[in-house]
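**Q** One structure is given below, represented as structure tokens, and several questions about it will come after.
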Amino acid sequence: MSDSFERLGSSEIRIKVSVPWSEIEAPYRESLSKLKGTIQVRGFRPGKVPLQIVEKMLGRQLVMDVAVESIARRVEETFRRENVTPLKLPIGIEEKTLIDEARTATFDSQMDVLPMIDRITFDGLKITPRPDVTAEDVIERVKIIGARKAPL
């Protein structure tokens, strides 16, 4: 497991996530078993297709689907751990996820996040108190405004 997180500025990050085959294999095998029970292939009774044939037909796409789910989960965990909020959900995880010969899934992306704001202090801020306004003041002001808007 090798994840890296780098701030490129106050509102931009680069995230790299790798998920080894050992973490992908169990969900892959589980999905493969579920597919075996539902897939229909000519020459086999429904649900009786051998795993090798299912894997040959759909294995590559299934590996990618499981890898993308694992990567998405890891990216969300990284956002929480680093306390960042992306401006938009990571779009294109499918396109940016690569699987090498060892079936390790990697994701590398640069994205915008809510900017980091340093601690705000109000020490030098001077506030002047507002004058007390009475109901009579409001009524008089409304009369003045009404007189200005009166037809000529």
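**Q** Tilt of helix 135-148 relative to the longest C-alpha principal axis of the chain, in degrees (0 to 90, nearest 10)?
**A** Taking Cα atoms only, the helix is inclined about 90 degrees.
**Q** Rounded to the nearest 20 Debye, what is the dipole magnitude of the stretch 1-62 about its Cα centre when Lys and Arg each give +1 and Asp and Glu each give -1 at the C-beta? Please list the in-between numbers first.
**A** Details: 11 positive and 7 negative charges, 111 e Å.
Roughly 540 debye, rounded to the nearest 20.
**Q** Using a 1.4 Å probe on the protein chains only, how many percent of the accessible area of the chain belongs to carbon and sulfur? The partial results should precede the final answer.
**A** Working: 6350 of 11790 Å².
Carbon plus sulfur share of accessible area: 54 percent.
**Q** For the stretch 1-82, just the Cα atoms, rotate onto the principal axes and tell me the three extents in Å, largest first.
**A** Extents along the principal axes, in whole Å: 59, 21, 18.
**Q** Would you mind counting up the charge near residue 137? Only other residues with Cβ under 14 Å from its Cβ, with Lys and Arg at +1 and Asp and Glu at -1.
**A** 0
**Q** Mind listing the long-range amide H neighbours of residue 84? Cut-off is under 5 Å, sequence gap 5 or more, other chains count too, H placed in the peptide plane at 1.01 Å from N.
**A** Close amide H contacts, sequence-distant or interchain: none at all.
**Q** Right, something else. With unit charges on the beta carbons (Lys and Arg positive, Asp and Glu negative) and the dipole taken about the Cα centre of the chain, which residue among 63, 49, 75 sits farthest to the positive side?
**A** Going by the charge dipole, the pick is 49.
**Q** Let me ask something else about it. Kindly provide the pair-distance distribution of the stretch 27-152 built from C-alpha pairs, with 5 Å bins from 0 and whole-percent values in order of increasing distance.
**A** Per 5 Å bin, starting at 0, the Cα pair percentages come out as 2, 8, 11, 10, 8, 8, 7, 6, 5, 5, 4, 4, 4, 4, 4, 5, 4, 2, 0.
**Q** With every protein chain present, what is the per residue accessible area of the chain (1.4 Å probe, Å²)?
**A** 78
**Q** Work out the length of the dipole vector of the stretch 1-110 about its Cα centre, built from +1 on the beta-carbon of each Lys and Arg and -1 on the beta-carbon of each Asp and Glu, and round it to the nearest 20 debye.
**A** Magnitude of the dipole: close to 580 debye.
**Q** Please work out how much accessible surface residue 23 shows to a 1.4 Å probe, ignoring ligands, DNA and RNA, in Å² rounded to 10.
**A** Residue 23 has an accessible surface of roughly 80 Å² with all protein chains in place.
**Q** May I ask you to rank 141, 74, 119 by accessible area, largest first, using a 1.4 Å probe over the protein chains only?
**A** From most accessible down to least: 119, 141, 74.
**Q** With label points built 7 Å along Cα→Cβ from the Cα atoms of residue 148 and residue 89, find their separation and express it in nm.
**A** 5.1
**Q** Could you rank 39, 13, 120 by how accessible they are, 1.4 Å probe, largest area first?
**A** Values: 39 25, 13 0, 120 110 Å².
Largest accessible area first, the list is 120, 39, 13.
**Q** Of 38, 78, which has the most accessible area with a 1.4 Å probe, and how do the rest follow in descending order?
**A** Largest to smallest exposure gives the sequence 38, 78.
**Q** Round to the nearest 10 and report in Å² the accessible area of residue 69, as given by a 1.4 Å probe over the protein chains' heavy atoms.
**A** 110
The values are calculated or read from the model by the stated rules, or taken from the named source; none is laboratory data. Everything numeric in this text was worked out from a predicted model, so none of it was measured. Glycine also receives a Cβ, built like all others from the backbone with ideal geometry; neighbour counts cover every protein chain displayed. All accessible areas refer to the heavy atoms of the entire protein, side chains included, with ligands and DNA or RNA removed. Shrake-Rupley method; radii C 1.70, N 1.55, O 1.52, S 1.80 Å.
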